[in-house]
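These notes concern the structure reproduced below.
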Amino acid sequence: MRTLHAALAASLFLLAADARAQSQPYPATSKDAISSVQVTAPARGSPVYQEHLDAVRGVYAMSNGWRMNVATAAGGIRAQFDRQPPIYLVALSPDRYASRDGNVTMEFNLGDNREDMLMSYMPDSRVAQAIVVRATLAQH
């Protein structure tokens, strides 16, 4: 009987963890949403050409259930999660992009097929927490 209770508790915990992963807040980059202190200057970006931007655009299936549409923009990319407002990221290198406030960073062309992406963002400036989400290119 104790084993049944332990198994039930463990399965409820796993369901709650999965539900929490899909209920994470979307990345925010507005002045009101994020306040931060940056100690070092960001690295200087290298020149990024249209073929670099074209290599990262497409629709990505995120590991937390979101879908992200990446399109090219002047000097970088525009990322839109589900039906949220788009986020603009500047190019730091051909494979690395960041929001101007530093809240969101994305690294593209990862994995054996160079179709994976890693995104890191801080959902709440009041808590020292960064969320890292992996994604795979679903549609180019």
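The values are calculated or read from the model by the stated rules, or taken from the named source; none is laboratory data. The model shown is predicted, which means the values in this text are computed figures rather than measured ones. Counting neighbours? That spans all protein chains shown, and the Cβs are built from the backbone with ideal geometry, glycine included.
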**Item:** Subset of region 96-140 that is crowded, with 18+ Cβ neighbours inside 10 Å and closer than 14 Å to residue 69 by Cα - its residue that is farthest from the chain's Cα centre (by Cα)
**Value:** 137
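From the set of residues in region 44-95 that are among the polar types (S, T, N, Q) and over 17 Å from residue 117 (Cα atoms), which is surrounded by the most Cβ atoms within 10 Å (Cβ to Cβ)? Walk me through it before giving the result.
As a first pass, look at region 44-95 and keep what is among the polar types (S, T, N, Q): 46, 50, 63-64, 69, 72, 80, 84, 93.
From what's left, over 17 Å from residue 117 (Cα atoms): 46, 50, 84.
Details: 46: 11, 50: 8, 84: 14.
Among those that are among the polar types (S, T, N, Q) and over 17 Å from residue 117 (Cα atoms), it is 84.
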**Message:** Report every pair of residues separated by at least 6 positions or lying on different chains whose Cβ atoms are under 6 Å apart, first residue within region 44-59 and at pLDDT below 90, second surrounded by 11 or more Cβ atoms within 10 Å (Cβ to Cβ) and polar (S, T, N, Q).
**Reply:** 46/93
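If we scan region 65-72, do we find a residue that is assigned to a strand (DSSP E or B) and either of a type in the set (Gly, Ala, Ser) or touching a Cys at 6+ places or on another chain (Cβ under 9 Å) (or both)?
Let us first name the residues in region 65-72 that are assigned to a strand (DSSP E or B), namely 67-72.
Filter once more, keeping what is either of a type in the set (Gly, Ala, Ser) or touching a Cys at 6+ places or on another chain (Cβ under 9 Å) (or both): 71.
Yes, the conditions are met somewhere in region 65-72.
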